[in-house]
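Student: Below is one structure. I have some questions about it.
We did not get these values from a lab; they are worked out from the coordinates using the rules stated. What you are looking at is a predicted structure, and each value in this text was computed from that prediction instead of being measured. A quick note on method: Cβ atoms are made from the backbone with ideal geometry, for glycine too, and the neighbour counts reach across all protein chains shown.
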There are 6 protein chains.
Amino acid sequence: MPLVQVTMLQGRTADQKRKIAQRITDTMVEEAGARREAIVVTFLEVSKESYASGGVLMADKQPT
Amino acid sequence: MPLVQVTMLQGRTADQKRKIAQRITDTMVEEAGARREAIVVTFLEVSKESYASGGVLMADKQPT
Amino acid sequence: MPLVQVTMLQGRTADQKRKIAQRITDTMVEEAGARREAIVVTFLEVSKESYASGGVLMADKQPT
Amino acid sequence: MPLVQVTMLQGRTADQKRKIAQRITDTMVEEAGARREAIVVTFLEVSKESYASGGVLMADKQPT
Amino acid sequence: MPLVQVTMLQGRTADQKRKIAQRITDTMVEEAGARREAIVVTFLEVSKESYASGGVLMADKQPT
Amino acid sequence: MPLVQVTMLQGRTADQKRKIAQRITDTMVEEAGARREAIVVTFLEVSKESYASGGVLMADKQPT
C-alpha cells in the first residue's frame, strides 16, 4: 500500500503526470509486491519561487 | 503536539474543512492526550490530474 | 481518497492508533464524502529529540 | 528537481529499495525531463500499527 | 542531503522565501555538515481555510 | 505558524538538532514574521538505504 508523493516544479502536462503515475505504480507492483489498487501517487507542484536548491530559488537561477 | 496533514482532491468547502479540522482535533485530544492548542491540521488540495490510484489519474476514471 | 498523515511523538499504543485511525476515517467519510476503503491514515512517530516547538526540542522542555 | 517520497510498510530489502529508486529516477528523467543528479527518492517505512486503510490498521487485517 | 519542507500560510513575498531558503540552507551546512548543493528547500503555501490550529481554521480566528 | 519538516540521514546528535531547530525557528520569526510559539520543526531521519540521489542509494555511494 505504498503512497508516493512527488514534489516538482509546475508546468508538467497531464499526460506527463499520467505516464509518471503509471510507471511509478508499475514499479511498486513489480519491485515491492504491492497491490496495484492500493497504490496512490500524488503530485505537489510548486512555483519557481517555492523551490530552492543550494540555497538559491529556482526563480533566481541562470539557465546553464 | 500532533501535526495532521490531509491530502485530498480540491473542491471541499470551507465548512467541510472547518468540521474536519474540529473533529480531527477532538480525536487527537481525546485519544492521544494531546493539548488542543498544539494540534495543527493542514489541507493539501490537489487537482484530479495530480492524484492517481491504481496507476490511473482521477481525471481519467470513469464514474461508477 | 484522502490521505491523512499524523506526525506525533513516540509512545502511543497500538490501541490509541487504532482508535485515531477509526475516528479520522469516520470523519473523512462523513464530512468529506470520501469512500471509506480509499482513505489511508499513516503515523510518523518521532522522538523528543526530533520535535521542536517554539525553537525548543521536546527533550529540553520542562514539565509544566 | 523532483523529490519523491515513498511511504510504505517496513520489510522491503535494500535491494528492493535500490531497484525502486533506480526505476523512479529513470521515470522522472524520461517522462518529466528532470536532471538525474537532482532527483531525490526517500523511503519512510512504517509498522503495521502505523498504517491504516479503510479505518483498519494493517496489524488488524485478516490475510485474504 | 537534507530536504526541508516549509508549510505556511500564503502571502509571503519571493524575497521572504529567498531569505528563508538562504538561511535554512546555511543552517544545514553549518550545523549538520551537509553539502550546500544537495540541500533542497520547498515551500507549500496554504490558504487560511486550509490551516487550523487548536481545531480552528485560521480564516475563523479573531485578530488579537 | 510555519511547520518545517527536515528529512535527513540518521546520525546527527541531539545537539545538532537543537541548534538546527533554534536557527530555523529564528529564521521563520525574523524573515516570515511568524510567532515563535507557533513554529514547529520536525526531523525525519532515514537510513542510507532509504535515501537515494541520482538514482543511487546513499548506502551504495563511494566516498569521494
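Student: Looking at the range F:14-23, is at least one residue crowded, with 22+ Cβ neighbours inside 10 Å and of a type outside the set (K, R)?
Tutor: Yes.
Student: I'd like to know if the range F:34-47 contains one or more residues that are within 7 Å of another protein chain (Cβ to nearest Cβ), hydroxyl-bearing (S, T, Y) and touching a residue at least 40 places away in the same chain (Cβ under 8 Å).
Tutor: Among the residues of the range F:34-47, not one is within 7 Å of another protein chain (Cβ to nearest Cβ), hydroxyl-bearing (S, T, Y) and touching a residue at least 40 places away in the same chain (Cβ under 8 Å), which makes the answer no.
Student: To continue, here is another question. For the range A:50-64, what are the residues that are closer than 30 Å to A:P2 by Cα and of a type outside the set (G, A, S)?
Tutor: A:Y51, A:M58 - these are the residues of the range A:50-64 that are closer than 30 Å to A:P2 by Cα and of a type outside the set (G, A, S).
Student: Would you call B:V46 surrounded by 16 or more Cβ atoms within 10 Å (Cβ to Cβ), closer than 30 Å to A:Q22 by Cα, out of contact with any strand residue (DSSP E or B) (no Cβ under 9 Å at 6 or more places or on another chain) and not aromatic (F, W, Y)?
Tutor: No: the conditions fail for B:V46.
Student: Let me ask something else. Take the range D:12-33 and flag every residue that is over 23 Å from A:S47 (Cα atoms), touching a residue at least 12 places away in the same chain (Cβ under 8 Å) and out of contact with any Ser or Thr (no Cβ under 7 Å at 6 or more places or on another chain).
Tutor: D:R12, D:A21
Student: A further question follows. Counting only residues that are under 14 Å from the mean Cα position of the chain (by Cα), give me the strands (runs of 3 or more DSSP E) lying completely in chain F with at least 3 of them.
Tutor: F:3-9, F:40-46
Student: Then there is this: For C:Q22, which of the numbered conditions (1) on the phi < 0 side of the Ramachandran plot; (2) more than 7 Å from every other protein chain (Cβ to nearest Cβ) fails to hold?
Tutor: (2)
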